[in-house]
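Student: Here it is, the structure in full.
The values are calculated or read from the model by the stated rules, or taken from the named source; none is laboratory data. Keep in mind that what you see is a predicted model, and the values were worked out from it rather than measured. Backbone-built Cβ (ideal geometry, glycine too); neighbour counts: all protein chains shown. The protein model used for the area step is the full one, side chains on, heavy atoms only, and it has no ligands, DNA or RNA in it. Shrake-Rupley method; radii C 1.70, N 1.55, O 1.52, S 1.80 Å.
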Amino acid sequence: MDAVVTSEIRWWKQSLTAGVEDFGETIALTIDGQRVQAPVGATVLNAATAAGIYIPALCAHPDLPPAAQRSCRGEPGPGSGCNLCLVEIEGQPGQRNACSLPVAAGMVVVSQGKEIAAARQANLAKILGIHPHVCLTCPQRDGCSRSQCSYGNPPETRCCTIFASCELRRVADYIGIPNSTPPYKPAALPVIKDEPFFDRDYNLCIDCRRCLVACNVVRGVGCLEVKEVQTPLGLRHYVGTIAPTLIESGCSFCQACVTVCPTGALIDRTLDPARREESMVPCKSACPAGIDVPRYVQLAAEGKFGEATAVVREKLPFPGILGRACFAMCESACRRGQLDDPLSIRGLKRIASDNDTGIWRQYAKQLPPSGKRAAVVGAGPAGLTVAFYLAKQGHGVTVFEGERAAGGMARYGIPSYRVPTQVIDGEVAEVERLGVEFRHGRQIDELDCLFAEGFDAVFVGIGCQGGDKLGIPGDDLPGVVDSVSYLRAATMGLVNQPDSIQTGARVAVIGGGNVATDSARTSRRYGAAVDMVYRRSREEMPARSEEFEGCVDEGVNMRYLLAPKRIEAGTGKSRLNIAYAQMTLGEADASGRRRPIATGAEVEESVDLVVAAIGQHPKRFGGFGVVTDDKGRITVRADSMLTSRPRVFAGGDCVLGPSTLIESVAQGRVAAQAMDILLGGDGDISERLLRDGWETSPHIGRDPGFNQRRKFHPIMLEPQARTGWDEVEAGFDEASARAEASRCLKCNLAPLIADAVLPPESWLEFSEAVVQAVSTEPGVFQLLDTDKNVLCIKGVENLREGLLSQLARGASAAYFIVEESAMFTSRESQMIQAYLQQYGKMPGGGDDEMDDLF
């Protein structure tokens, strides 16, 4: 029978038979009448799987040594197995285990037959005798939550929450559960759900020892062992930790044990079933630019900073800028943060960039000139990204920038104590090296002139240049400025210059975000006393913790539960009087933060400058001829950044509103791909800049104290020395950087573990000839696409007529599955619930959604 293999078929290194170091020459054998080729050293199970022949096995796994070659501690030697992979060999008596039997030239293998089936059922009965299995034979099992039972079975005898995707269930369904299976008697083994990441229910352990081998042999961590206890059913074995807790046992939380477990004995409660791989490696999936975060972090741990930079540069051109000013969604998503502290991923990017060896240049591409020209309006992160990648694709690119230098908000919105101008200059220079032309001091208010100059496409990346007003009386008085104008003046050296913004002795910064902290810390560098005023509490403040701490270290007076109510001209030494309404916090609003409510009390104070850091908006340019929303943001297609105007694309803050540098870079990449296609290219801007074959080693090794190693902090300029514009964060030294990077849990290894080989599914080709042979009984059918994804689940009175109806309507399905059921409506509901439980989302089924198939 055909096996269902959900990962690429390969000759598994771990499946080598005992005493064999590597695979040898290819030989031929026969399995169930089919001629099969396999290398010497492979097992019969491996050979059968590679040939698409399914042989059931629960202890075997593609990435683990065969069960018969491992002991109870996971070391090489004799041990037990599930004994489900039994086969017969022509000319040899009895039955053999396919998982450890080496192939031989001319061997004739039989994997099907009455005696084999009976032996497999008898062995399955032994496995189920120590595992809750009442749900496996229940007629209402699919769609059941396992929290309530129509038949009154006690909870400890029921199957677990992963029933819909349980490998044991699939294998049991394939082999068939014999009537001789003894009823399960609860053993009252430990159930642990209060430790990091993993829930462990040892009552569900079938002693297959996959987890043991994955941890002790493949990963080399060695935190598991076989436990032996007396139960009402006699002596019981299960795999548990060598110490009372995962932490004490030295667990590295690499997820290998959970990934190979065939039951619900080990469950990672943090994973999202609808986004399994993304939640396995959340740092990578959280990065808008798609940087391979684990790879560059682990390279940094080895001190390979040039290689780490090459990995970063595969997805973005500005590692130095983003190593200092990225919002670092990856750090918020880092799984290590659920254990203790997230990795300092941004800081590791920064030290890699600061110590770049330039090896990425060896494989950096730049295609021959295409003869096409593109104009970029705005030299911010999005525009520079577009220019960078279009130039690499061979197109002529001209960047129009109204300011005197490129960088956009990275230069004119972020103070140089965070991102030094020389770092920006260096990375802009890399864009210029590609032949990009910069025209500074030229403001573009309409696009017709660009097309008249012969440009074939235009990208608009003008950012959010307008600062929001406070919306209170007096917010237009002299001495009241928005944060965008203030920070631009500061970065240009214009603050406290004649005819410019004057800080005076006391500054009030209104707001609680990162722009507010930048404005407050900038004001301190001009010698002013600074109040940073926020209408909620510290807990609701959106500013990053390091920016908040910087304010405190530098003497900013943080004030909470105050909201500006009016501003008036000052009457004494101070230029302004500001009145604050005192606030209290009510219920949470749409942002998830508690809503500030005025108490009725007021506070009046004197200040010299008020900086409104409460929001930004794009400036509108009617000459662009593009559709915008009510906030002035340009409307684009998310898959291409194409605006409503042909050949005009947009991205960054002018599309997103005030956002982050990395999001602007990500949109620039999307736009560059689409623009390249428009200009005659293939849209492939990808680069492989590190080609030395480096990969994460699957052998982690035991590292005492690893899971209790707290975060290392970068070197910081002492607060008393922060009087000028020197960079505050000096970054890591090499030793600290490597130590911090070495805290990585190496989550990227888990998705590389091959999926277990599952029994064959019962899908059929969705064609009229096949459908005509379907029963006319009532039941439920499922339609599947070419990748076997379920498109719909539908209960009907007549299966054949229901399927023919779908054919007549032109359903796009490639396969179907049918199940006869007199109670087809109830069965449809059960199956949909089972699908929802497994995948976390609905299939395409139901009358309201059936049209999506056509």
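Student: Does segment 119-127 contain at least one residue that is β-branched (V, I, T) and either part of a loop (DSSP other than H, G, I, E, B) or in contact with a Cys (Cβ under 7 Å, 6 or more places away or on another chain) (or both)? So that I can check it myself, show each step before the final result.
Tutor: Residues of segment 119-127 that are β-branched (V, I, T), as a first pass: 127.
Now restrict to residues that are either part of a loop (DSSP other than H, G, I, E, B) or in contact with a Cys (Cβ under 7 Å, 6 or more places away or on another chain) (or both): 127.
Looking through segment 119-127, at least one residue is β-branched (V, I, T) and either part of a loop (DSSP other than H, G, I, E, B) or in contact with a Cys (Cβ under 7 Å, 6 or more places away or on another chain) (or both).
Student: Give segment 344-369 a look and list any residue that's touching a Leu at 6+ places or on another chain (Cβ under 9 Å) and either under 17 Å from V293 (Cα atoms) or assigned to a helix (DSSP H, G or I) (or both), or say none.
Tutor: R346, K349, R350, A352, S353, I359, W360, R361, Q362, Y363
Student: Quick check on E797: is it in contact with a helix residue (DSSP H, G or I) (Cβ under 9 Å, 6 or more places away or on another chain) and closer than 28 Å to T309 by Cα?
Tutor: no
Student: How do the pairs read when you match residues in segment 810-830 that are among the aromatic types (F, W, Y) with residues anywhere that are open to solvent by less than 30 Å² (accessible area, probe 1.4 Å), using Cβ under 6 Å and keeping only pairs 6 or more apart or on different chains?
Tutor: Short answer, once both residue conditions are applied: Y815/F766; Y815/L784; F816/F766; F816/F781; F816/L783; F824/G779; F824/V780; F824/G795.
Student: Turning to a different aspect of this structure: How many residues does segment 743-765 contain that are over 23 Å from the mean Cα position of the chain (by Cα) and open to solvent by 20 Å² or more (accessible area, probe 1.4 Å)?
Tutor: So the count comes out to 8.
Student: Sticking with this structure for a sec: Based on this model, can you work out whether D142 counts as of a type in the set (D, E, K, R), at pLDDT below 90 and under 29 Å from A119 (Cα atoms)?
Tutor: For D142, the condition - of a type in the set (D, E, K, R), at pLDDT below 90 and under 29 Å from A119 (Cα atoms) - is met.
Student: Now for a different question. Take segment 562-583 and flag every residue that is closer than 19 Å to I614 by Cα and of a type in the set (G, A, S).
Tutor: A563, A579, A581
Student: Determine if segment 226-236 includes at least one residue that is free of Cβ contacts under 8 Å to residues at least 40 places away in the same chain, open to solvent by 10 Å² or more (accessible area, probe 1.4 Å) and among the hydrophobic types (A, V, I, L, M, F, W, C). Please lay out each step first, then the result.
Tutor: Initially, segment 226-236 is screened for residues free of Cβ contacts under 8 Å to residues at least 40 places away in the same chain, giving 227-228, 230, 234-235.
Keeping just the survivors that are open to solvent by 10 Å² or more (accessible area, probe 1.4 Å) gives 227-228, 230, 234-235.
Now narrow it down to the ones that are among the hydrophobic types (A, V, I, L, M, F, W, C): 235.
Among the residues of segment 226-236, at least one is free of Cβ contacts under 8 Å to residues at least 40 places away in the same chain, open to solvent by 10 Å² or more (accessible area, probe 1.4 Å) and among the hydrophobic types (A, V, I, L, M, F, W, C), which makes the answer yes.
Student: Name every residue in segment 530-562 that is charged (D, E, K, R) and either touching a strand residue (DSSP E or B) at 6+ places or on another chain (Cβ under 8 Å) or in a helix (DSSP H, G or I) (or both), in order of residue number. Outline the logic, then answer.
Tutor: Going residue by residue through segment 530-562, those that are charged (D, E, K, R) are 531, 535-536, 538-540, 544, 546-547, 549, 553-554, 559.
D531, R535, R536, R538, E539, E540, E546, E547, E549, D553, R559 - these are the residues of segment 530-562 that are charged (D, E, K, R) and either touching a strand residue (DSSP E or B) at 6+ places or on another chain (Cβ under 8 Å) or in a helix (DSSP H, G or I) (or both).
Student: Which ones in segment 547-568 are among the acidic types (D, E) and surrounded by fewer than 16 Cβ atoms within 10 Å (Cβ to Cβ)?
Tutor: E549, E568
Student: Could you grab me the full set of residues in segment 791-801 that are in a strand (DSSP E or B) and open to solvent by 30 Å² or more (accessible area, probe 1.4 Å)?
Tutor: Listed by number, the residues that qualify are L791, K794.
Student: Got a sec? Which of Q497, Q422, Q443, Q502 is in a helix (DSSP H, G or I), among the polar types (S, T, N, Q) and open to solvent by 30 Å² or more (accessible area, probe 1.4 Å)?
Tutor: When all the criteria are applied, what remains is Q422.
Student: Okay, moving on. Out of segment 694-707, which residues are farther than 20 Å from A754 by Cα and either open to solvent by 50 Å² or more (accessible area, probe 1.4 Å) or not hydrophobic (A, V, I, L, M, F, W, C) (or both)?
Tutor: Answer for segment 694-707, where residues must be farther than 20 Å from A754 by Cα and either open to solvent by 50 Å² or more (accessible area, probe 1.4 Å) or not hydrophobic (A, V, I, L, M, F, W, C) (or both): G701, R702, D703, P704, G705, N707.
Student: Looking only at segment 580-593, decide whether some residue is modelled with pLDDT under 95, touching a strand residue (DSSP E or B) at 6+ places or on another chain (Cβ under 7 Å), open to solvent by less than 30 Å² (accessible area, probe 1.4 Å) and closer than 15 Å to I472 by Cβ.
Tutor: Among the residues of segment 580-593, not one is modelled with pLDDT under 95, touching a strand residue (DSSP E or B) at 6+ places or on another chain (Cβ under 7 Å), open to solvent by less than 30 Å² (accessible area, probe 1.4 Å) and closer than 15 Å to I472 by Cβ, which makes the answer no.
Yes/no per residue for (1) of a type in the set (G, A, S); (2) buried (at least 24 other Cβ atoms within 10 Å of the Cβ); (3) touching a strand residue (DSSP E or B) at 6+ places or on another chain (Cβ under 7 Å):
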site	(1), (2), (3)
G378	yes, yes, yes
A382	yes, yes, no
V399	no, yes, yes
G408	yes, yes, no
I414	no, no, no
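Student: Kindly indicate which of E727, E740 is touching a residue at least 24 places away in the same chain (Cβ under 8 Å), within 15 Å of D553 (Cα to Cα), in contact with a Lys or Arg (Cβ under 8 Å, 6 or more places away or on another chain) and surrounded by 14 or more Cβ atoms within 10 Å (Cβ to Cβ).
Tutor: E727
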